[in-house]
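The values are calculated or read from the model by the stated rules, or taken from the named source; none is laboratory data. Bear in mind that the values here come from a model prediction, so they are computed numbers and not experimental data. Positions of Cβ are generated from backbone atoms using ideal geometry, with glycine treated the same way; all protein chains shown enter the neighbour counts.
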Amino acid sequence: MNAIPTDVAVIGAGQAGLSAAYHLQRRGVAYTMFDAEDGPGGAWRHRWKSLRMDTVNGISDLPGAAKPEVDPREPSSDFLTRYFGGYEQELGLSILRPVKVTSVSREDAEPAGGLRITTSRGDWSAKAVINATGTWTRPFWPIYPGRESFRGTQLHVADYVSAQDFAGRHVIVVGGGISAVGLLAEISQVTSTSWFTRREPVWRDAAFDARAGHDAVALVEERVRKGLPPQSVVSVTGLIWTPALRAAAARGALDRQPMFTAIEPDGVRLAGGGFLGADVILWATGFRAELEHLAPLHLRGPGGGIAMDGTRVAAEPRVHLVGYGPSSSTIGANRAGRAAVADILKLPGIMPAAEPVPWG
């Protein structure tokens with residue numbers, strides 16, 4: 001089957017993918033962008049409606065176009081879907097959707113050779129790939145003794161809709177990140193909750209300034225440079241107190257318990273041997289990078305991570321991962337898109353315009 005040629009394939013149209021497409025287009029590099037979603041917004045399309053703009057972490061502007069005025073009470077899924085969609089139209093970004101990329105493989109092992117992009121809509125041949133598929137489609141469910149025996153409801157935060165769904169039921173929330181404490185603050189207003197984590201949460205009272213953010217990202221970057229699986233940035237920054245979280249703490253919703261030892265049909269067996277009845281277990285246990293389509297390239301090392309040099313895969317200079325590891329934040333995704341394009345311009349056969357197109 002003949003493959004359609006393109007210089008660069010961009011996989012994913014969230015913040016990182018849009019940033020990369022902006023810089024490719026600005027430099028006049030031929031690219032094809034694939035997005036598995038039905039419309040704009042990336043993972044934000046699927047966030048629960050109660051996650052409003054005044055409760056999300058800071059959202060950075062997309063390159064070349066500032067965010068419109070924000071209503072802090074608007075659901076983030078609505079606002080960011082509209083913002084991303086307007087951005088795509090204003091810049092005339094070339095995006096194919098819904099298109100699922102099923103595999104990326106080598107046509108030629110040499111740097112000047114091609115990469116075969118197999119999709120639900122045919123094959124493409126690219127000189128480089130910018131992967132921006134994020135994590136939302138790969139929620140992590142830990143294997144836990146007795147999990148299948150539980151007679152109540154189990155769900156991951158990826159499936160969460162509303163606290164009202166749990167009214168009158170006791171909800172166990174598992175996880176020590178931002179999503180866990182945010183949902184505890186929300187759910188504890190309508191029903192009883194319990195909170196379990198593997199490690200004692202670390203709370204941050206001081207303001208999270210630019211220096212603290214830089215230091216946190218540097219720690220994550222060091223891991224991926226060594227080929228270790230990335231940790232979330234929050235795992236090294238700690239949890240930041242907000243008025244909503246202080247109110248939840250006052251209600252007792254943030255009284256953390258050490259992880260239970262087993263799940264039983266009607267609840268969980270506590271670390272001290274006691275039993276806690278429960279109707280719902282909500283797993284706020286994070287996500288893993290969606291990289292299965294890159295498996296034919298054999299990029300992972302023995303520990304399961306991918307050794308990185310900036311955004312570039314150390315063992316495969318034609319492949320860049322943006323929105324991965326240290327660039328998983330919105331500001332990091334913007335910077336990663338720009339850095340990936342700058343590096344790709346050094347590859348043989350990539351023909352940029354003589355002068356950047358003056359977008360924005």
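If you go through the range 28-74 and keep only what is closer than 30 Å to Trp124 by Cβ, in a loop (DSSP other than H, G, I, E, B) and of a type in the set (A, V, I, L, M), you end up with Val29, Ala30, Ala36. Among the residues here, Leu282 qualifies as within 30 Å of Ile187 (Cβ to Cβ), at pLDDT 90 or above and not in a loop (DSSP other than H, G, I, E, B).
Within the range 125-184, the set of residues being of a type in the set (Lys, Arg) and not in a helix (DSSP H, G or I) comprises Lys127, Arg138, Arg151, Arg169. In summary, Gly304 fulfils each of the numbered conditions (1) part of a loop (DSSP other than H, G, I, E, B); (2) touching a residue at least 40 places away in the same chain (Cβ under 8 Å); (3) in the same structural domain as Thr197 (by TED's automatic domain parsing) with the single exception of condition (3).
Can you name the residue in the range 69-101 that is polar (S, T, N, Q) and either in contact with a helix residue (DSSP H, G or I) (Cβ under 6 Å, 6 or more places away or on another chain) or free of Cβ contacts under 8 Å to residues at least 40 places away in the same chain (or both) and is also nearest to Asn2 (Cα to Cα) among such residues? If you could, list the steps in order and put the result at the bottom.
Within the range 69-101, the first condition is being polar (S, T, N, Q), and the residues that meet it are 76-77, 81, 89, 94.
Next, only the ones that are either in contact with a helix residue (DSSP H, G or I) (Cβ under 6 Å, 6 or more places away or on another chain) or free of Cβ contacts under 8 Å to residues at least 40 places away in the same chain (or both) stay: 76-77, 81, 89.
Details: Ser76: 41, Ser77: 38, Thr81: 35, Gln89: 30 Å.
If we take residues in the range 69-101 being polar (S, T, N, Q) and either in contact with a helix residue (DSSP H, G or I) (Cβ under 6 Å, 6 or more places away or on another chain) or free of Cβ contacts under 8 Å to residues at least 40 places away in the same chain (or both), then Gln89 is nearest to Asn2 (Cα to Cα).
From the list Gly252, Gly273, Gly286, the one residue that fits, being at positive phi, crowded, with 20+ Cβ neighbours inside 10 Å and either in contact with a strand residue (DSSP E or B) (Cβ under 9 Å, 6 or more places away or on another chain) or not β-branched (Val, Ile, Thr) (or both), is Gly286. Against the test of being assigned by TED's automatic domain parsing to the domain that holds His46 and in contact (Cβ under 8 Å) with a residue 60 or more places away in the chain, the options Ile172, Ile117, Ile178 yield a single qualifying residue, Ile117. Selection over the range 29-47 of residues that are under 14 Å from Arg82 (Cα atoms) and among the hydrophobic types (A, V, I, L, M, F, W, C) gives a count of 2. Of everything in the range 135-161 that's farther than 28 Å from Gln15 by Cβ and free of Cβ contacts under 8 Å to residues at least 24 places away in the same chain, which residue is farthest from the chain's Cα centre (by Cα)? Once the filter is applied, the top-ranked residue is Glu148. Among the residues of the range 54-69, those identified as modelled with pLDDT of 80 or more and aliphatic (A, V, I, L, M) are Leu62, Ala65, Ala66.
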